[in-house]
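Values quoted throughout were computed directly from the atomic coordinates according to the rules given, and no laboratory measurement underlies them. Please read these numbers as outputs of a predicted model, since none were measured by experiment. Neighbour counts are summed over all protein chains in view; Cβ atoms, including those assigned to glycine, are modelled from backbone coordinates with ideal geometry.
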Amino acid sequence: MNFTLRAARTLAGVVRPPGDKSISHRYAILAALAAGHSRLEHFSSGADCHSTLGCLRALGVPITIAGETVEIEGVGLRGLTAPTQALDAGNSGSTIRMLSGVLAAQPFPTTISGDASLCRRPMRRVIEPLTQMGARITASGEGGNGGRPPLQFSPVAGLRAIHYQLPVPSAQVKSAVLLAGLYADGETVVEETLRSRDHTELALQHCGVPLQRHRGRISLQGPVAALQPRDCDIPGDASSAAFFLCAGALFPDADLELHDVLMNPTRATLLDVLRRMGAHVDVLGVEDRGGELVGTLRVHGPRPATDGHQVFLGLGARPVSAGAPTRLQGTTIAGAETVSLIDEIPVLAVLATATQGGIEFRDAGELRVKESDRIASIARNLRAMGATCEERPDGLFVPGPQQLHGAVIETFDDHRIAMAFTVAGLIATGETVIQNADCAAISFPEFYRVVERIAG
């Protein structure tokens, strides 16, 4: 499916993002391993999270799905059963990496694989710590190829605890080690120099695991006897909300409200960056939901000082009464900010074209091994839309301001590239065509319907 759009005059309306992917994955896994019934409301509609459900079902976990409600009858930490065929993680790196921590401890053999894109993604970073814990894992492309799916797990009698320093920040690898630690003898410790998403730690604590956290050190004592089942009302996905936060920041007279959005501090860095750049992002309310912060946001772009004159901002927006137009200010994103914003960099790269000075992205080499090489994908599509950018091994620099023009966008079957360049189409002159746009269903099947509604 292709999706065609032209520049919007403004954006207005209310958006409730789909259930957060990261939390949906984790609560599905923990609910399956708990002893009893769990009800998950607003479960992610994305294909990735349903790949996790499919794998859990194949491992003998009873699961009922009714719209956005998922009910799981947990079989306990030692109640999984051998699947009759290879587990299919689809396109989901979260599924294969986090479930590896569980599969590594099982007394039966298992193979887990995925689609062609997933089978090109490296798994060495999760294989190495699990092997140190006593797991027996065979990967395709062993040797210099990084270890690709399918992954084959041989039966083990038990795992041993380790003290593991993450060489590269990764919430998925951290989660795999902690999940394996539920089965391991002794204290499993994970240390990270840069803080990554902490949803696994919060969910484990919510399920009754006496997990300890101090600065960059996370530890738990295993083997754990049981997990407590928990109902969960899953917040709206922060990374999906990012496309609308950035889109709203491009239009001075936009009036977008985003309801029920996850505001976990490890995921809310975008709000700080947008404010630093001059966008108006208001937090209308916040509540604590099972250890996760959830809020309502309102966003619009920087507003010019009014002097009674009409100006055109050159971004597809309608004329507004203003003096000299105020642009978003450029910035640099590096280090810990890059870790927190790794999923948001594609849409921030689009936003950079509308800033005064551009945005420099550093320490983002992780983008090279996502669903596509996102650094290359971003650069290729920006150039197709008439923008210049400097591609680097671990990041890129996108100057600004630059006027974008409509183009045919290659998504490379990458949902975040598809959605980021849909935002680009909202400010580009002429017509923009998003090829293979349906790849957005990996995380946000309703995305294009929402765009059409808020853009009129």
_Viscosity 0.692 mPa s, temperature 37 °C: give me the Stokes-Einstein translational D for region 211-266 in µm²/s, with Rh taken as the Kirkwood radius over C-alpha pairs._
216
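Using just the helices of the chain, give the 222 nm mean residue ellipticity in deg cm²/dmol: DSSP H runs with n ≥ 4 each add -39,500 (n - 2.57), and the total is spread over all residues, rounded to 500.
-8500 deg cm²/dmol
Quick check: residue separation of residue 214 and residue 108 times 0.36 nm, minus the Cα distance between them. What number comes out in nm?
Stretched out fully, the residue 214 to residue 108 stretch lengthens by 34.6 nm.
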*For region 21-221, with the dipole built from +1 on Lys and Arg beta-carbon atoms and -1 on Asp and Glu ones, taken about the Cα centre, which of 168, 101, 183 lies farthest toward the positive end?*
168
_Cα centroid separation - region 1-58 against region 263-286, whole Å_ = 22
*Where does each of 251, 108, 444, 421 land when they are ranked from fewest to most other beta-carbon atoms within 10 angstrom?*
108, 444, 251, 421
*asked:* For region 320-456, take N as its residue count and report Rg(C-alpha) divided by 2.2 N^0.38 Å.
replied: 1.02
_Alpha carbon Rg of region 21-221, scaled by the compact-globule rule 2.2 N^0.38 Å_ = 0.94
*Beta bridge orientation in region 21-221: antiparallel %, DSSP, nearest 5*: 75
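Could you compute the net charge surrounding residue 236? Neighbours are other residues with a C-beta less than 9 Å from the C-beta of residue 236; K and R count +1, D and E count -1.
Numbers: positive: 16; negative: 20, 237, 260.
Around residue 236, the surrounding residues sum to -2.
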*asked:* Loop by DSSP (not H, G, I, E, B), at most 15 other beta-carbon atoms within 10 Å: where is the longest site-free stretch of the chain for trypsin sites (Lys or Arg not before Pro)?
replied: 216-456
*Between residue 334 and residue 39, 0.36 nm times their residue separation minus their Cα-Cα distance comes to what?*
102.3 nm
*Tabulate in residue order the Karplus-calculated ³J(HN,Hα) for region 88-103, using 6.51 cos²θ - 1.76 cosθ + 1.60 with θ = phi - 60°, rounded to whole Hz; enter x for Gly and Pro.*
10, 8, x, 9, 9, x, 4, 4, 5, 6, 6, 5, 4, x, 7, 4
*Positive-end extreme of charge dipole, the chain - chosen from 234, 418, 46 (charges on Cβ)*: 418
*Each residue of region 395-403 in turn: what ³J(HN,Hα) in whole Hz from Karplus with 6.51, -1.76, 1.60 and θ = phi - 60°, glycine and Pro shown as x?*
x, 6, 10, 10, x, x, x, 9, 7
*Give the angle, between 0 and 90 degrees and rounded to the nearest 10, that separates the Cα long axis of helix 47-58 from the longest principal axis of the Cα atoms of the chain.*
10
*Helix 238-249 sits at what angle to the longest principal axis of the chain, using alpha carbons and giving 0 to 90 degrees rounded to 10?*
10
*Whole Å is fine, so just give me how far the alpha carbon centre of region 219-242 lies from that of region 329-378.*
28
*Could you work out how far helix 171-181 tilts from the main Cα principal axis of the chain, as a 0 to 90 degree angle to the nearest 10?*
20
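To the nearest 20 Debye, how big is the dipole of region 21-221 about its Cα centre, given +1 on the beta carbon of each Lys and Arg and -1 on that of each Asp and Glu?
420
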*Over the chain, what is the percentage of antiparallel beta bridges among all DSSP beta bridges, to the nearest 5?*
70
*Stokes-Einstein D for region 164-236 at 4 °C, 1.567 mPa s, Kirkwood Rh over Cα pairs, in µm²/s?*
102
*Compactness of region 1-123 as Cα Rg over 2.2 N^0.38 Å, two decimals*: 1.23
